[in-house]
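Written out below as structure tokens is the structure these notes cover.
The values are calculated or read from the model by the stated rules, or taken from the named source; none is laboratory data. Given the structure is predicted, the values throughout are model-derived calculations rather than measurements. Note: ideal-geometry Cβ built from the backbone for every residue, glycine included; neighbour counts use all protein chains shown.
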Amino acid sequence: MDFEPTEEQKLLKANVREFMDREIIPFVNDYERKYRPLPNDMAIDMIKKLAPLGYTGGMVSPEWGGEGMKFISYGVLMEELGRAWGSLAIMIVVHHGGALDLSRTGNDEQKKKYLPLLISGEVIASGAITEPNAGSSNREMETTILADGDYYIVNGTKTWITNGGVSDFCAVVGYTDKSKGTEGISRIIVDGRESPFESRELPKLGFRCCPTAELIFGDCRVPKKNLVGREGTGYEATMVVFLFPRTMIGMLSTGLAQAAIDEAVKYAQERRQFGRPIAKFQLVQQMLAEMVVETEAIRLLAYKACHLLDKGRICFMEGSAIKFFGSETAVRVCSKAMEILGAYGISEEYPLERYFRDARTLLPPDGTNQIQRLIVGREVLGMPAFV
Ligand SMILES: Cc1cc2nc3c(=O)[nH]c(=O)nc-3n(C[C@H](O)[C@H](O)[C@H](O)COP(=O)(O)OP(=O)(O)OC[C@H]3O[C@@H](n4cnc5c(N)ncnc54)[C@H](O)[C@@H]3O)c2cc1C
């Protein structure tokens with residue numbers, strides 16, 4: 001067991017942090033106040049800005065234009081982006097997740113067509129599973145993907161789709177054959193430039209600059225060659241795909257919690273009450289001690305999940321554990337940091353209220369935290385509590 005990052009990982013972290021401090025953090029407060037969400041051209045520009053650092057295609061294999069990064073190194077990238085800007089981090093989790101998934105499960109023609117565009121950030125990826133009537137129970141989805149000559153016709157409404165309104169590469173999950181249950185679920189790439197669909201933006205508590213939309217597919221004609229894998233393989237593939245975003249939500253949560261700690265430490269050292277810095281009060285130190293220990297715990301759990309994934313393990317338990325424990329810890333840590341700032345904790349002049357809103361917004365995506373607990377329970381007991 002070695003908890004020491006390699007020299008390469010230390011360098012990566014230092015370089016990325018320096019980039020974030022210089023190129024991203026100075027604009028975040030202003031953008032978060034002005035845009036709900038970022039206009040499309042700005043969202044694309046932001047993603048393109050991160051491309052040279054490996055954010056858009058880092059884990060894609062070099063054969064397909066990526067860098068062949070390991071989960072641990074990508075985790076370093078995500079922790080630092082989470083510390084800098086939650087809205088951009090969640091956009092990147094979904095975008096890079098889409099590129100990585102395509103590189104693993106797409107065919108050569110699909111990879112040739114889309115991976116260069118996704119890695120350069122010319123085209124933004126999204127993944128559409130959730131529907132108005134099918135959230136946790138996603139197998140109850142109503143979207144259909146029905147064959148019609150050389151095309152599939154997609155009909156249905158997807159909701160809460162990250163990057164939805166700005167995405168021209170949407171991996172839509174739906175039934176090609178409802179009679180087969182989950183074995184009738186398939187995935188298809190809907191390219192908005194060739195197969196247009198409608199979108200409606202959904203304003204939300206946190207990640208305000210990140211576009212999140214309802215997508216409406218009405219008789220949307222999609223070429224048959226856009227089907228990912230064979231018909232009926234979409235459900236199982238989607239369950240495995242979730243491991244990337246769940247683990248990265250753990251890394252993002254770690255970055256958010258760390259940002260809150262940094263802000264609280266600075267404030268506690270500077271703010272004076274009763275003739276001394278508030279950092280000298282034991283109750284303030286208690287809050288900080290708990291924040292630091294809890295954040296270190298999620299950091300270790302998140303990197304452990306990355307380590308297992310690098311070893312090729314389909315670690316459903318660790319992926320779900322870090323998703324719920326990471327996001328809930330980030331909420332607690334951000335909340336305590338706000339307490340340390342007194343009234344200024346809730347002021348828009350400080351970033352803590354944003355960190356808190358962003359952390360809270362991490363609870364539902366990629367499966368609610370109740371569902372994550374049920375997955376951990378299933379892995380421990382060998383019996384699912386949900387059908
Ligand atoms: C910021 C954000 C980004 C998102 N991005 C995407 C995206 O890119 N693509 C996408 O497809 N979806 C996305 N989602 C949707 C997300 O995956 C769903 O919100 C989530 O799966 C839960 O569905 P729901 O909101 O309909 O809640 P519901 O399923 O209706 O759940 C409501 C409550 O009931 C509980 N519950 C439900 N079933 C059970 C059970 N069996 N046992 C115990 N409790 C249960 C839930 O835990 C929750 O507390 C996003 C959501 C958010 C907030």
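With the requirement that a residue be farther than 22 Å from GLU201 by Cβ, assigned to a loop (DSSP other than H, G, I, E, B) and in contact (Cβ under 8 Å) with a residue 40 or more places away in the chain, what does segment 34-83 give you? Quick ask: steps written out before the conclusion?
Of segment 34-83, the ones farther than 22 Å from GLU201 by Cβ are 49-83.
With the extra rule that they be assigned to a loop (DSSP other than H, G, I, E, B), the set shrinks to 54-61, 65-70.
Correct list: TYR55, THR56, GLY57, MET59, VAL60, SER61, GLY65, GLY66, LYS70.
Can you find a residue in segment 55-62 that is under 20 Å from GLY165 (Cα atoms), among the hydroxyl-bearing types (Ser, Thr, Tyr) and in contact with a helix residue (DSSP H, G or I) (Cβ under 8 Å, 6 or more places away or on another chain)? Please lay out each step first, then the result.
First pass over segment 55-62, keeping only residues under 20 Å from GLY165 (Cα atoms): 56.
Checking which are among the hydroxyl-bearing types (Ser, Thr, Tyr) leaves us with 56.
Restricting the remaining residues to those that are in contact with a helix residue (DSSP H, G or I) (Cβ under 8 Å, 6 or more places away or on another chain) gives 56.
Yes, there is a match, as at least one residue in segment 55-62 is under 20 Å from GLY165 (Cα atoms), among the hydroxyl-bearing types (Ser, Thr, Tyr) and in contact with a helix residue (DSSP H, G or I) (Cβ under 8 Å, 6 or more places away or on another chain).
Residue by residue through segment 264-312, note down the ones that are assigned to a helix (DSSP H, G or I) and among the charged types (D, E, K, R). Correct list: LYS266, GLU270, LYS280, GLU290, GLU294, GLU296, ARG299, LYS304, ASP310. Of all residues in segment 278-296, one or more are closer than 29 Å to GLY98 by Cα and touching a helix residue (DSSP H, G or I) at 6+ places or on another chain (Cβ under 8 Å). In the set (1) within 30 Å of ARG272 (Cα to Cα); (2) within 15 Å of the chain's Cα centre (by Cα), MET338 fails one condition alone, (2).
If you go through segment 172-193 one residue at a time, how many are under 16 Å from GLY97 (Cβ atoms) and in contact with a helix residue (DSSP H, G or I) (Cβ under 6 Å, 6 or more places away or on another chain)? Step through it out loud before you land on a result.
First, pick out the residues of segment 172-193 that are under 16 Å from GLY97 (Cβ atoms): 172-173, 187, 189.
Filter once more, so that each one left must be in contact with a helix residue (DSSP H, G or I) (Cβ under 6 Å, 6 or more places away or on another chain): 173, 187, 189.
Final tally of qualifying residues: 3.
Pairs only if they're at least six apart or on different chains, beta carbon under 7 angstrom, first in segment 84-97 and in contact (Cβ under 8 Å) with a residue 60 or more places away in the chain and hydrophobic (A, V, I, L, M, F, W, C), second part of a loop (DSSP other than H, G, I, E, B) and within 12 Å of the ligand (Cβ to nearest atom); list them, first residue then second. If the second residue must be part of a loop (DSSP other than H, G, I, E, B) and within 12 Å of the ligand (Cβ to nearest atom), the pairs left are ILE90/PHE207; ILE90/CYS210; MET91/ASN163; MET91/CYS210; VAL94/ASN163. Within segment 135-157, identify whether any single residue is within 12 Å of the ligand (Cβ to nearest atom), at pLDDT 95 or above, surrounded by 19 or more Cβ atoms within 10 Å (Cβ to Cβ) and within 20 Å of the chain's Cα centre (by Cα), and answer yes or no. Within segment 135-157, not a single residue is within 12 Å of the ligand (Cβ to nearest atom), at pLDDT 95 or above, surrounded by 19 or more Cβ atoms within 10 Å (Cβ to Cβ) and within 20 Å of the chain's Cα centre (by Cα).
Would you check which residues across segment 105-119 are in a helix (DSSP H, G or I) and more than 16 Å from the ligand (Cβ to nearest atom) and list them?
THR105, ASP108, GLU109, GLN110, LYS111, LYS112, LYS113, TYR114, LEU115, PRO116, LEU117, ILE119, listed by residue number.
For the structure I just gave you, tell me whether SER335 is outside the structural domain of GLY58 (by TED's automatic domain parsing), among the hydroxyl-bearing types (Ser, Thr, Tyr) and farther than 18 Å from GLY250 by Cα.
Details: outside the structural domain of GLY58 (by TED's automatic domain parsing): yes; among the hydroxyl-bearing types (Ser, Thr, Tyr): yes; farther than 18 Å from GLY250 by Cα: no.
No: the conditions fail for SER335.
Evaluating PHE71 against the criteria (1) out of contact with any Asp or Glu (no Cβ under 7 Å at 6 or more places or on another chain); (2) closer than 26 Å to THR212 by Cα leaves one unmet condition, (1). If the condition is being among the charged types (D, E, K, R) and within 30 Å of ARG104 (Cα to Cα), then segment 267-321 contributes ARG299, LYS304, ASP310, LYS311, ARG313, GLU318.
Do we have MET42 as closer than 17 Å to SER253 by Cα and more than 16 Å from the chain's Cα centre (by Cα) here? Considered against the rule, which asks whether it is closer than 17 Å to SER253 by Cα and more than 16 Å from the chain's Cα centre (by Cα), MET42 comes out as no.
Which members of segment 159-193 meet the condition of being away from the ligand (no atom under 16 Å from the Cβ), out of contact with any Ser or Thr (no Cβ under 9 Å at 6 or more places or on another chain) and hydroxyl-bearing (Ser, Thr, Tyr)?
Taking segment 159-193 and keeping what is away from the ligand (no atom under 16 Å from the Cβ), we get 176-181, 183-184, 191, 193.
Subset that is out of contact with any Ser or Thr (no Cβ under 9 Å at 6 or more places or on another chain): 179-181, 191, 193.
The one that is away from the ligand (no atom under 16 Å from the Cβ), out of contact with any Ser or Thr (no Cβ under 9 Å at 6 or more places or on another chain) and hydroxyl-bearing (Ser, Thr, Tyr): SER179.
Checked against the criterion of being under 28 Å from the mean Cα position of the chain (by Cα), among the aromatic types (Phe, Trp, Tyr) and surrounded by fewer than 24 Cβ atoms within 10 Å (Cβ to Cβ), the candidates PHE274, PHE242 yield just one match: PHE242. For segment 199-216, check the following and say yes or no: at least one residue is surrounded by 22 or more Cβ atoms within 10 Å (Cβ to Cβ), charged (D, E, K, R) and either touching a Phe, Trp or Tyr at 6+ places or on another chain (Cβ under 8 Å) or under 18 Å from GLU131 (Cα atoms) (or both). Yes, segment 199-216 has at least one match. Strands (runs of 3 or more DSSP E) fully within segment 120-206 that include at least 3 residues being touching a residue at least 12 places away in the same chain (Cβ under 8 Å) and of a type outside the set (A, V, I, L, M, F, W, C): 151-162, 198-201. As for segment 346-363, it holds at least one residue that is more than 10 Å from the ligand (Cβ to nearest atom), surrounded by fewer than 17 Cβ atoms within 10 Å (Cβ to Cβ) and assigned to a helix (DSSP H, G or I).
It is to be established whether one or more residues within segment 245-253 are modelled with pLDDT of 95 or more, more than 25 Å from ILE25 (Cα to Cα), in a helix (DSSP H, G or I) and under 26 Å from the mean Cα position of the chain (by Cα).
Filtering segment 245-253 for residues modelled with pLDDT of 95 or more gives 245-253.
Adding the requirement that they be more than 25 Å from ILE25 (Cα to Cα) leaves none.
No, segment 245-253 has no match at all.
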